[in-house]
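Below you'll find the structure, written out as structure tokens, and then a few comments.
Only the coordinates and a few stated rules stand behind these numbers; no lab work does. Small disclaimer: the values here were computed from a predicted structure and weren't measured. Glycine gets a Cβ as well: all are built from the backbone with ideal geometry, and neighbour counts include every protein chain shown.
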């Protein structure tokens, strides 16, 4: 067909993929600008826990699900760094277990 525009399928899929990525990035940036921040202090940690608790008690939108997942990961990392739990001594663990019976 002379004169009719030809759309390269690769070009179309590339634009579609870029739009999807841009939408995801925009959604993430909007979410992160409003709520999600690195947890650097005890106050940041307390705020993150409060926000997680608020999100747990209600129906969440997809953006809030993402926020919940990111906050939970940040809190877990903060707790692992600031409140490490050592593995128990094998003998003490055995004695404790025997004492429970």
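Under a plain spin-label model, where a point goes 7 Å from the Cα along Cα-to-Cβ, how far apart in nm are residue 85 and residue 44?
Roughly 2.4 nm, to one decimal.
Could you order peptides 81-88, 58-65 by the average number of other Cβ atoms within 10 Å of their residues, highest first?
Ranking the peptides 81-88, 58-65 by packing returns 58-65, 81-88.
Using 7 Å Cα-to-Cβ label points, what is the residue 93/residue 60 separation (nm, one decimal)?
3.1
Starting from the eigenvalues of the Cα gyration tensor, five times each then square-rooted, give me the equivalent ellipsoid semi-axes of the stretch 37-85, largest first, whole Å.
The answer is 21, 10, 9 Å, longest axis first.
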